[in-house]
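Contents: one structure, followed by commentary.
Quick note: the coordinates plus some simple rules give every number you see, no bench work behind them. Note that the coordinates shown come from a computational prediction; the quantities given were computed from them, not determined experimentally. Every residue, glycine among them, receives a Cβ derived from its backbone with ideal geometry; neighbour counts consider all protein chains shown.
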Amino acid sequence: MNRAQSPLGQPLDRVDGPLKVRGQARYAAEFDVPGLLYGAVVSSAIARGRVLRIDSAATEALPGVHLVLSHLNRPPIASYDEPYEDADAAEGSPFRPLYNDRVLYSGQPLALVVAETQALARHAASLVHVEYAAESHQTDLQAVREQAHPAPAEVPPPRGDFEVAFNAAAHRVEGEYGTPVEHHNPMEPHASIVQYQPGGELLIHDKTQGVQNCQRYLEQVFGLQDRIRVLSPFVGGAFGSGLRPQYQLPLAVMAALALKASVRVELTRQQMFTFGYRPRSIQQLKLAADGEGRLQAVEHQAIGQTSRFEDFTEHEVEWSGMLYACDHVRLGYRLAPLDVYTPLDMRAPGATIGVYALECAMDELAHEVGIDPLELRLRNYSEINGNQGKRYSSKELRACYRQGAERFGWSRRPAQPRSLREGHELIGMGMATGVWEAMQMPASARACIDADGKLLVTSATADIGTGTYTAMTQIAADAMGLPMADVEFRLGDSSLPQAPLEGGSATVSSVGSAVQRACAGLRQKLLDAAQQSPASPFTGASPDAVEFIGGRMCLKATQHAVELKRIVEVSGALESEAHVEPGEQRQQWATATHSAVFVEVRVDEDLGTVNVSRVVSAIAAGRIVNPKTAGNQIVGGVVWGIGQALQEETLIDHRLGRYMNHNLAEYHIPVNADIPGIEVIFVEEHDSVVNELGSKGVGEIGIVGVAAAVANAIYNATGKRVRDLPITLDKLL
Amino acid sequence: MSENPSAAGAIGTCTITLVLNGEHRRLEVQPWTTLLDLLRDPLGLSGTKKGCDHGQCGACTVLLNGRRINSCLTLAVMHDGAELTTIEGLARGAELHPMQAAFVRHDAFQCGYCTPGQICSAVGLASERCGYSREEIREYMSGNLCRCGAYPNILAAIEEALPAVRGQKQEDAR
Ligand code: FES
Ligand code: FES
């Protein structure tokens, strides 16, 4: 028999690739709806105060304008906090769009103009005149850092005695690191189309990482139980921006309800800077080591910014208590509220900035002790997560260090900074460790096979470019022994089986496990069905006695086989649904992904420009379902890390409390010319604890540590230690 | 699909003709409608993406008389008689354009939102007198942002497909 190779672990092309390259994948704003009206948002020009008057006479006089919606005339919405609390809500009182006359931040939506074309709506919105009673505001974290309050987060308690150990140690480093506000800026702007159905039901296309999160939010806020279905089959990037329902969604719903018509609201690029973002941070690191470089004491104190209405927290300092072995650790995390919107999880939230500071401090410590930075990491290697006192279920970080260093040629790194040059370019090499959680959430999936032998698997998860469609198809094809072409995976529909938010690198682990389990249930049903026919060779066979391969079910002992479609022809379509909770076995273990990233930079001595010339990223993330799409995820993370290190920063004019560079020309992200060859290595890592697949997820780990590796390489090249990101040329001159 | 994009109808429209993906079209457009908005909304050719509407991202790249342009930065009325190719016009039926096929093979995208612009831009590059080395391709493709960061794969796909696309163009020109 033809033993078809399992698709698991194969570098297969994306199953949604052809649709995407043909321009046929439809994103939130792109559905053709009869009678569609278009909304344009009027944004606040002040950072704090009240709206006194909204003059929309000129707007309403324009033919083709249907509505100017504001807090004065919106449909009723919930008046308690709870209904607004979505699955990724921060602690506090969530923002309520068009709720009342309060202005909480610059860029806040104050009105929505609905008209017959997008251009008309935009023009009409520009004619709305808002009068304010402005109040004084504060948007500068530096100015209020002393007033920060303890973050409502479970920061691990201190262990050992930091003070004594720090003071007694042979080597000490301390420093303050700063990271700026960054915005997700997916290429697709946030958009929603609310399709008003004849019966008053709403069929909604939204850009989101969680269709059911949006559905629940709308049901609660508008009191519309059982009348809402949210679709999101394609998402043009999100990186966290789609974890919470963004304001264009409730605005579009309000307009649709008010007009009993279908409405689209698409944000402009400028408005993409008027909701969540990565918060600015100020971090203090203190590390001490003995003469051999063994860590004696670690302290990591962080201050983050938040809004006045919610306390946004992320895992920022935890990493310093778990990445290396150390007995004396003190971690702290405080927040300072400002007149800004609440921050939002953004690619590897917390770790991206916290590990940056830790890994730069480790580089400083290596120089202080006088040993190689990689050697310092090896001397402090830990098999346990010190915060939890638990062993890692698997941790092949040593292999990452070894294979990464070898591929990169780390041994050629000059120990002495500023000692390698080519013409006017200074060359430097740096490295850092990366770490991220390996999570699993409760998730469900349904698998259904029809008489043509086609398998349809569904779950209300998302594919934001992460490759969910492809990975789930592979997992299902493997589980059923079917060719990829006979399997279809559907997602992005709130009516499908329950799935968690697509985020935190947990989708393969969570939804993948549910897909596997649903397929196992379906295999059982196929066996049961086969046993129904008289004189079936499968009679009495246990599930272990059969295997599914090449579209058939076979008796292992006799190799007797039957095509799955033959079974279904008789039984009729078969279906199985499964719900999977994170396994109990996880409790006893610490679970994490790790990486070692090596970077070479070239710094122009005269101009201060930094060119990243080489990157090697070695990843330990358990079993990789698809090395092609997973490798792409890691590359994307590295690109983000380079942007974080050298370019990305949203700047506020604190006098106005408003972003100054809220567009893609002035908010710099890497372009093709900025990105060198990036080599990704997946080291072999086996894990039987994280989930049945043994996969840990790869969406976040790629970015973690990259900015530190770049900063450390710049130090190696120039002898300059810049602790404030991004490292722009002015800081190097 | 409506051929009359003037929804409000109150203000005068202009008539233009376009050869759009090989098809002759007569269209009524408002004088302020950008080429991008014409394609996406009334014509339903949403393969051309809007990432910024300000000429800053390249997601809206189309081929106008064979040259790549940002369709958000130009008005539709300015192109009466032009030949326009969008991402929807590249494949020949079931057969992908070599650039499209290379993008799939090299996984030169993640979310896919910048992809039509990248592909049109790369096809446009094939008609230019540049882009003959990796460095040049990276440079001349830098007007097309990819927030997913698929740049190395984009480079690999273009490097592979460019010679074939160039060859095809020369043949077509003969
Ligand atoms: S949409 Fe035209 S360049 Fe961005
Ligand atoms: S593939 Fe997502 S922006 Fe390029």
* Between A:ARG280 and residues 5 or more places away or on another chain, which pairs have amide H atoms under 5 Å apart, with H built 1.01 Å from N, and which residues are they? -> A:VAL181, A:GLN305
* Asked: When the convex hull of the Cα atoms of the range A:395-526 is projected onto a plane and the area is averaged over all directions, what value comes out in nm²?
  -> 12.4
* **chain A, relative contact order [Cα under 8 Å, separation at least 6], %** => 17
* Expressed as a whole number of Å, what is the distance separating the alpha-carbon centroids of the range A:18-92 and the range A:117-177? -> 27
* 5 angstrom amide H check on A:TYR333, placed H, neighbours 5+ away -> A:ALA151, A:ALA302
* With Rg and the Kirkwood Rh both taken from Cα atoms, where does Rg over Rh land for the protein assembly as shown? -> 0.97
* Within chain B, helix-based [θ] at 222 nm, where runs of 4 or more DSSP H residues each add -39,500 (n - 2.57), nearest 500 -> -9500 deg cm²/dmol
* Please list the non-local residues whose amide H lies under 5 Å from the amide H of B:ALA91, H modeled 1.01 Å from N, same-chain partners needing a gap of 5 or more. => B:HIS97
* Structure fact -> Here Rg/Rh (Cα, Kirkwood) for the range A:46-116 equals 1.03
* Using a cut-off of 24 Å between alpha-carbon atoms, which lysines can reach A:LYS525, once sequence neighbours fewer than 8 places away in the same chain are excluded? -> A:LYS454, A:LYS556, A:LYS565
* **In range of the label at A:GLU292: residues from the range A:372-389 whose backbone nitrogen is under 19 Å from the point 7 Å along Cα→Cβ** => A:372-384
* Asked: Between A:ASP604 and A:GLN225, what length comes free when the chain is fully extended (0.36 nm per residue of separation minus the Cα-Cα distance, one decimal in nm)?
  -> 130.4 nm
* Eligible aspartates and glutamates near A:LYS20 by straight Cα distance, threshold 15 Å, same-chain separation 8 or greater -> A:GLU30, A:GLU188, A:ASP463, B:GLU88, B:GLU95, B:ASP107
* Using r as the Cβ-Cβ distance of A:GLU174 and A:LEU651, and R0 as 30 Å, what FRET efficiency do you calculate, to the nearest 0.05? -> 0.60
* Asked: Counting each DSSP H run of 4 or more residues in chain A as -39500 (n - 2.57), what helix-only mean residue ellipticity at 222 nm follows after dividing by all residues, to the nearest 500 deg cm²/dmol?
  -> -7000 deg cm²/dmol
* For A:HIS129 and B:THR13, what is the calculated FRET efficiency with R₀ set at 51 Å and r taken between the beta-carbons, to the nearest 0.05? -> 0.95
* To do: Find the percent of Cα-Cα distances in the range A:335-408 that exceed 15 Å, and round it to a whole number.
  => 72
* J(HN,Hα) series, the range A:608-620, from Karplus relation 6.51 cos²θ - 1.76 cosθ + 1.60, nearest Hz, glycine and proline x -> x, 6, 10, 10, 7, 9, 7, 9, 10, 10, 9, 10, 10
* Structure fact -> From the Cα centre of the range B:67-89 to that of the range A:653-686, the distance in Å is 30
* Asked: How big is D, in µm² s⁻¹, for the range A:457-568 by Stokes-Einstein at 25 °C and 0.890 mPa s if Rh is the Kirkwood radius over C-alpha pairs?
  -> 163
* Structure fact -> Violations at 24 Å Cα threshold for listed pairs A:LYS207/A:LYS696; A:LYS390/A:LYS696; B:LYS50/B:LYS169; A:LYS395/A:LYS628 -> A:LYS207/A:LYS696; B:LYS50/B:LYS169
* Debye-sum result for the range A:103-262 in log10 I(q)/I(0), which assumes one identical scatterer on each alpha carbon, at q = 0.08, 0.11, 0.18 Å⁻¹ -> -0.43, -0.70, -1.27
* Structure fact -> So the compactness index of the range A:218-292, its C-alpha Rg divided by 2.2 N^0.38 Å, takes the value 1.80
* What net charge is computed for the residues neighbouring A:SER494, neighbours being all others with C-beta under 11 Å from the C-beta of A:SER494, Lys and Arg scored +1, Asp and Glu -1? -> -1
* Asked: So how long is each side of the range A:1-91 along the principal axes, counting just the alpha-carbon atoms, biggest first, in Å?
  -> 77, 41, 25
* Can you check how the C-alpha radius of gyration of chain B compares to 2.2 N^0.38 Å, as a plain ratio? => 1.04
* **A:ALA557 paired with A:LYS390, simple spin-label distance in nm, labels 7 Å along Cα-to-beta-carbon** => 4.2
* Asked: Loop-only check: which GluC sites (Glu not before Pro) in the range A:348-389 are DSSP coil with at most 16 other Cβ within 10 angstrom?
  -> A:GLU383
* Asked: How far apart, in nm, are two points set 7 Å out from the Cα along the Cα-to-Cβ line at B:ASN65 and at A:HIS686?
  -> 6.5
* Asked: Mind listing P(r) for the range B:2-89? All alpha-carbon pairs, 10 Å bins, whole percents.
  -> 19, 56, 24, 1
* Could you give the semi-axes, largest first, of the ellipsoid that matches the range B:90-150, computed as the square roots of 5 times the alpha carbon gyration tensor eigenvalues and rounded to whole Å? -> 18, 16, 10
* Cα-centred dipole magnitude for the protein assembly as shown, charges only on beta-carbon of K, R (+1) and D, E (-1), debye, nearest 20 -> 840
* Structure fact -> On the formula 1/(1 + (r/R0)^6), with r taken between the Cβ atoms of A:VAL164 and A:ASP140 and R0 of 35 Å, the FRET efficiency rounded to 0.05 is 0.45
* With no solvent and one point on each alpha carbon, what is the Debye value of log10 I(q)/I(0) for the range A:131-171 at q = 0.15 Å⁻¹? -> -0.72
* Cα-projected label distance for A:LEU456 with A:ALA78, points at 7 Å along beta-carbon direction, nm -> 3.2
* From phi via Karplus (6.51, -1.76, 1.60), per-residue ³J(HN,Hα) for the range A:239-253 in Hz, x at Gly/Pro -> 6, x, 5, x, 6, 10, x, 8, 5, 5, 6, x, 4, 5, 5
* Could you go through the range A:683-691 in sequence order and give the Karplus-derived ³J(HN,Hα) for each residue, using 6.51 cos²θ - 1.76 cosθ + 1.60 with θ = phi - 60°, rounded to whole Hz, and x for Gly and Pro? => 7, 6, 8, 10, 9, 9, 9, 4, 5
